[in-house]
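Structure record follows, encoded as structure tokens.
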Amino acid sequence: MIKKIDGGVCAAKGFKAGAVHCGIRRSQSKKDLAIIASDVVCNAAGVFTRNVVKASPVILDRDRLANGKAQGVIVNSGIANACAPNGMDNAVAEAKLGAEKLGIPENLMLVSSTGVIGMELPLKPIREHIGEIEMKEDNALEAARAIMTTDTKEKLSAVEFELGGKTCRLGGICKGSGMIHPNMGTMLCYITTDAAVSSAMLKRALLENVRTTFNRVSIDGDTSTNDSCILMANGLAGNAPILEPGGDYPAFSEALHEVMQDLAKKIAADGEGATRLVTVNVRGAKSEDEAETLAKSIGSSSLTKAAMFGADANWGRVLCAMGYSGVAFNPSGVDIAFASRVGRIAVCRGGRGIDFDEDLAKKILSEDEVEINVTMKEGDGEATCWGCDLTYDYVKINGDYRT
């Protein structure tokens, strides 16, 4: 049984976090530097952006995680340290400052950055203020706030579950609001657990669950240079170590999925300028992969997203997005319905429009969480993806993001 709990990235035994305002971007006053760390060395794994252009911290973390070990991560917001002067030197230096702060070997310290691309990361404010960070067991919220850029809400999640009779905890924090698209987008995510799991099984579970959670989120079609999802397990719960796919592995993976899906939905709901979370459900496709492709195409469609902003039941945009997805299907076998907590309304049957109550449709689509439900007659493949509406504020936010 999986139980939702508080605590985010600090919910698991032996993990602490802290944050401080350094002034990495002088125009900002929020906390902009965070550290997450375990009392002991962890087995660890990471998944990173597929963008060919990768930020220096991504390259450094990927190399350091080759041995499957880590103990902490230092994260700055404001400057992405991507395509930046002295990028790798500054990433290494920032990680070194974090390691010195914690008193751990430098090679066990990971580093992440998020913010403006192309600007050099200033080390001076980090060096001057890192000593002010207070590492505490209840500091997940402060860390979650410190890694935010254009996010409007902190994103935390945690669960408690059992492995072999031992109570285990798993929790995480993430940031992500813009440049979010399948294959990881400006998304930074840190997940910690006190379960004992080998590095190989952490990597397997992370890859499996990224595919059905974070890689099914789309905000704006841009895939960032800095996307990172890091998972650390310190084993302090005392369960028998998970070393292979059988045994307790499915239970662990289920708990991980619960947290990752929760965080993915929070990213989608907090898309830049967004007013509503849009969930796209596709059922009856030939395969899960085809259902996912169709759902992503619908959720990524600018016209569909704009219709959701206007609470306009323009189902033709949904069918159109399916048509250019690259998936071959029979349009005459497609039914479409919109839903929210106030009700559900069918708007298309057999690929053709049907009479429906426009006022009720407007009311359904005016809620802050809405669903686009597509039913096909191709097979038993199904998938759910998440996105948001496209608003005037998205352009305002990104029109002067750098300046």
The one condition ALA328 fails out of (1) more than 24 Å from THR275 (Cα to Cα); (2) more than 28 Å from the chain's Cα centre (by Cα); (3) touching a residue at least 24 places away in the same chain (Cβ under 8 Å) is (3)
What are the residue pairs meeting all of these: first residue in the stretch 254-269, first residue touching a residue at least 60 places away in the same chain (Cβ under 8 Å) and farther than 24 Å from PHE309 by Cβ, second residue assigned to a helix (DSSP H, G or I) and not hydrophobic (A, V, I, L, M, F, W, C), Cβ atoms under 8 Å, and 6 or more apart or on different chains? LEU256/ASN209; MET260/ASN209
Given the options GLU208, GLU292, GLU254, GLU244, name the one that is assigned by TED's automatic domain parsing to the domain that holds GLY171, closer than 30 Å to ALA328 by Cβ and over 13 Å from the mean Cα position of the chain (by Cα). GLU208
Any idea how many residues of the stretch 279-312 are in contact with a strand residue (DSSP E or B) (Cβ under 6 Å, 6 or more places away or on another chain), of a type in the set (Gly, Ala, Ser) and crowded, with 23+ Cβ neighbours inside 10 Å? 4
Candidate set: the stretch 34-53, residues that are modelled with pLDDT of 95 or more and more than 19 Å from the chain's Cα centre (by Cα); chosen: the one surrounded by the fewest Cβ atoms within 10 Å (Cβ to Cβ): VAL40
Of the residues in the stretch 89-104 that are within 19 Å of VAL41 (Cβ to Cβ) and touching a residue at least 24 places away in the same chain (Cβ under 8 Å), the one that is surrounded by the most Cβ atoms within 10 Å (Cβ to Cβ) is GLY98
Can you pull out the residues in the stretch 190-239 that are under 26 Å from MET148 (Cα atoms) and basic (Lys, Arg)? LYS203, ARG211, ARG216
Is there a residue being modelled with pLDDT of 95 or more, over 30 Å from THR391 (Cα atoms) and assigned to a loop (DSSP other than H, G, I, E, B) anywhere in the stretch 179-195? yes
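The values are calculated or read from the model by the stated rules, or taken from the named source; none is laboratory data. Source: prediction; values computed, not measured. Cβ atoms come from the backbone with ideal geometry, glycine included; neighbour counts cover every protein chain shown.
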